[in-house]
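Step one of this worksheet: look at the structure below.
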Amino acid sequence: MTETPVAQITDSGSPSTPQTLAPGTLAITIQMGSYGKIGPGEYRAGALPTTRAQVLDETGHYPATGCYPTWVLKRGSVVIKTVRSGSCGDSFTMSSDSLEVRGVYHLTVSVVTEAGAKGTKTEDFKVS
């Protein structure tokens, strides 16, 4: 079984030519806020960073049809929180107890659109 790679946009701050994606795939970038950030990829225990996903279709635009993300926050293999949303424009909000325990966390967003396009992105970060 082979997996279809999902293209990732790494520099969302500068204008560039949209990356070429296979039809039906989405480019997803997780954008975590700086609240509680104490280093590259590291947050203070108890922090509540705001988190959003930038989702682009194969044309380099926000999907024209319904865009539905599912967010999963894990510490190791333990699921801390799962949230489904009706819009890719919605932010993922950490619960007040989500990042209390120090360790390595994994935040994954899986997106599907009304047109059937799909994509998944995971951001790993440390809590100290």
Worksheet item: Filter the stretch 1-31 for residues that are open to solvent by 40 Å² or more (accessible area, probe 1.4 Å) and modelled with pLDDT of 50 or more; which is farthest from Pro63 (Cα to Cα)?
Response: Gln31
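For the stretch 60-76, give me the residue count where each residue is under 29 Å from Gly46 (Cβ atoms), at pLDDT 95 or above and either in contact with a Pro (Cβ under 6 Å, 6 or more places away or on another chain) or of a type outside the set (D, E, K, R) (or both).
Result for the stretch 60-76: 5.
Quick test for you: out of Thr82, Thr120, pick the one residue that is touching a residue at least 60 places away in the same chain (Cβ under 8 Å), of a type in the set (Ser, Thr, Tyr), in contact with a strand residue (DSSP E or B) (Cβ under 8 Å, 6 or more places away or on another chain) and assigned to a strand (DSSP E or B). Talk me through it step by step, then tell me what you get.
Working: Thr82 fails: touching a residue at least 60 places away in the same chain (Cβ under 8 Å).
When all the criteria are applied, what remains is Thr120.
Give me a count of the residues in the stretch 94-105 that are surrounded by fewer than 17 Cβ atoms within 10 Å (Cβ to Cβ) and modelled with pLDDT of 90 or more. It would help to see each step written out before you state the result.
Of all residues in the stretch 94-105, those surrounded by fewer than 17 Cβ atoms within 10 Å (Cβ to Cβ) come to 95-97, 100-104.
Those still in the list that are modelled with pLDDT of 90 or more too: 100-104.
Count: 5.
Scan Thr51, Thr65, Thr59, Thr70 and give me the residue that is free of Cβ contacts under 8 Å to residues at least 60 places away in the same chain, of a type in the set (Ser, Thr, Tyr) and open to solvent by 70 Å² or more (accessible area, probe 1.4 Å). Walk me through it before giving the result.
Working: Thr51 fails: open to solvent by 70 Å² or more (accessible area, probe 1.4 Å); Thr65 fails: open to solvent by 70 Å² or more (accessible area, probe 1.4 Å); Thr70 fails: open to solvent by 70 Å² or more (accessible area, probe 1.4 Å).
Matching residue, one of Thr51, Thr65, Thr59, Thr70: Thr59.
The values are calculated or read from the model by the stated rules, or taken from the named source; none is laboratory data. Small disclaimer: the values here were computed from a predicted structure and weren't measured. Note that each Cβ is placed from the backbone with ideal geometry, even for glycine, and that neighbours are counted across all protein chains shown. The protein model used for the area step is the full one, side chains on, heavy atoms only, and it has no ligands, DNA or RNA in it. Shrake-Rupley method; radii C 1.70, N 1.55, O 1.52, S 1.80 Å.
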